[in-house]
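Here the structure comes first, spelled out in structure tokens, and everything after it is commentary.
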Amino acid sequence: MEMVNYLYNLGLNEKEAQVYLALLQLGKSTAYSVSKMSGLKKSTTYVILDQLSEKGFANKIPKSKKRLYKAESPDKCLELVKEKLNLTQEKLPELLAMKKKNEEKVSISYYEGIIGIKEMHEKFFKVMRSRKIENRKYVAFLAHEKGIPQELLDYFKEVNELHKKYKIQRKSITVYHPTIVEKYLSSKDLIESLYFQAKAISSKKYSSNVSIIIYDKYVQIFSHRYVQAVLIENPDVANSLKQIFYMVWNLVDKDKKNYLCFNSNDKKNNKKLKKKNKAPKK
């Protein structure tokens, strides 16, 4: 059994190892003799001998009256295995590239209800925690919070606390709506935070109740009203939406009168907002 185990290491299975050992002890031999010594059926022995010949562990003796076989010496078998291993090692970069390509296949996951939404956010925080602090950032189109379940509102508070805990940087475009002004835009802690940047667009131009969060290679599309979401894992989709985000982020400043109601980077506007401390009319 010790010799059989050794031959396993050379890439032979149990029957191949039995036949090789029998042939090694017999020298030049017929399949019938190998069959008797190995304890295998003659028909099976023929098949195994052919397999060993293909692997280079046995040779057919040419020009013999009977079909004879001879085992290759163990040292040459070992060299043969090493040679194959070296050839495989040369191809390793290509094999790894194939693996990476397979890993980058797109996937879409669906989440529903407060339990599903929590599961989706757990994945988000797991990705963020895996990064260095300076790389924990994302961009988002955030919805207003009108008409969403209280349980979800309570969970959002937990989410915000986790943002602070893990020092996650967020840059968001949101709706200039009472629910957002009261919760975020009039918050001194958030406005003065290095981890929070926001621009609020007039509700006449943008009044979404669906949030789109883009981070890493993921896009999270979240319907607050129906507590449903999809998570798209696709680097191309994530990159495209990130580009759209920054186009909007830069363009709204060029037409502040019609679009921009709040900019966390505009200190003068922030002071006015704080002084008013009053939400706009619905």
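Taken together, the values in this text are just the output of simple stated rules run on the coordinates, not laboratory data. This one's a predicted model, so the numbers in the text were calculated from it and none came from an experiment. FYI the Cβ positions are ideal-geometry reconstructions off the backbone, even for glycines, and counts take in every protein chain you see.
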Pair A97, Q150: separation of 7 Å Cα→Cβ label points (nm): 5.9
Treating the beta-carbon of each Lys and Arg as +1 and of each Asp and Glu as -1, no other charges, what is the dipole magnitude of the range 103-276 about its Cα centre, to the nearest 20 debye? 1080
Restricting to the chain, what percent of DSSP beta bridges are antiparallel, rounded to 5? 70
Pairs K60/K82; K84/K126; K165/K204; K167/K199; K146/K256: which are spaced more than 31 Å apart, C-alpha to C-alpha? K84/K126; K165/K204
Let a ≥ b ≥ c be the square roots of the eigenvalues of the Cα gyration tensor of the range 2-94; is it rounded (a/c under 1.5), or, if not, prolate (a/b larger than b/c) or oblate? prolate
For D255 and I115, what does the FRET efficiency come to when R0 = 35 Å and r is the distance between their Cβ atoms, rounded to the nearest 0.05? 0.25
By how many degrees, between 0 and 90 and to the nearest 10, does the Cα long axis of helix 113-129 differ from the longest principal axis of the chain? 70
